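Peer 1: Input: one structure, supplied below.
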Amino acid sequence: QVQLVESGGGLVQPGGSLRLSCAASGSIFSINVMGWYRQAPGKQRELAATITRGGNTNYADSVKGRFTVSRDSAMSTVYLQMNSLKPEDTAVYYCYTVAAGYTYWGQGTQVTVSS
């Protein structure tokens, strides 16, 4: 099993930046991909960005060029650097991972973009 703990959310003004972190523990050797989904009020959860153990990344069109996903070499921590934030980026951001065929989720961290 894998446990995920997120940190780094908060309130930021439009145009600002935030960095989210997600620390994994447990069977991290079995992790194949880590990343971030987000869920805005009244909307379905959607992919924001993912990164594989091999370093391949995938981004939602809405965040390309503004968000950067990265990980440490041990695949134990994944980061999401969010720049040029917009009000429509307001959501609960969930860390997720796929390990040995199972999907795990963090508890979520709130990101609010507002003036």
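Peer 1: Would you calculate the separation in nanometres between label points at Ala60 and Lys86, each defined as 7 Å from the Cα along the Cα-to-beta-carbon direction?
Peer 2: Spacing of the two 7 Å Cα→Cβ label points: 1.1 nm.
Peer 1: List the relative contact order of the chain as a percent without decimals, with contacts defined as Cα pairs under 8 Å and 6+ residues apart.
Peer 2: Relative contact order here is 37 percent.
Peer 1: Here is a further query. Hey, with R₀ at 41 Å, roughly what FRET efficiency would Ser114 and Ser70 work out to, going by the Cβ-Cβ distance, to 0.05?
Peer 2: 0.95
Peer 1: Could you please report the charge total around Ser62, scoring K, R as +1 and D, E as -1 over all other residues with beta-carbon less than 15 angstrom from its beta-carbon?
Peer 2: My count for the surroundings of Ser62 gives +2.
Peer 1: What does the charge dipole of the chain about its Cα centre add up to, to the nearest 20 debye, if the Cβ of each Lys and Arg holds +1 and the Cβ of each Asp and Glu holds -1?
Peer 2: Dipole size: approximately 80 debye.
Peer 1: OK, next. Tell me, what ³J(HN,Hα) does each residue in segment 9-23 have, in order and in whole Hz, if you take phi through Karplus 6.51 cos²θ - 1.76 cosθ + 1.60 with θ = phi - 60° and put x for Gly and Pro?
Peer 2: x, x, 9, 9, 7, x, x, x, 10, 9, 10, 9, 10, 9, 9
Peer 1: Accessible area per residue, 1.4 Å probe, Å², for the chain: what's the number?
Peer 2: On a per-residue basis, 50 Å².
Peer 1: Measuring from centroid to centroid over Cα atoms, what is the spacing of segment 59-88 and segment 1-36 in Å?
Peer 2: A separation of 10 Å, based on Cα centres.
Peer 1: When Lys and Arg each count +1 and Asp and Glu each count -1, what net charge do the other residues less than 13 Å away from Glu6, Cβ to Cβ, add up to?
Peer 2: +2
Peer 1: Given the Cα-Cα distance of Ala40 and Gln1 and 0.36 nm per residue of separation, how much length would full extension add, in nm?
Peer 2: Separation in residues times 0.36 nm, less the Cα-Cα distance, equals 11.3 nm.
The values are calculated or read from the model by the stated rules, or taken from the named source; none is laboratory data. These numbers come from a predicted model, not from an experiment. Neighbour counts run over all protein chains shown; Cβ positions are idealised from the backbone, glycine included. SASA here: full protein model, heavy atoms, side chains in, ligands and nucleic acids out. Shrake-Rupley method; radii C 1.70, N 1.55, O 1.52, S 1.80 Å.
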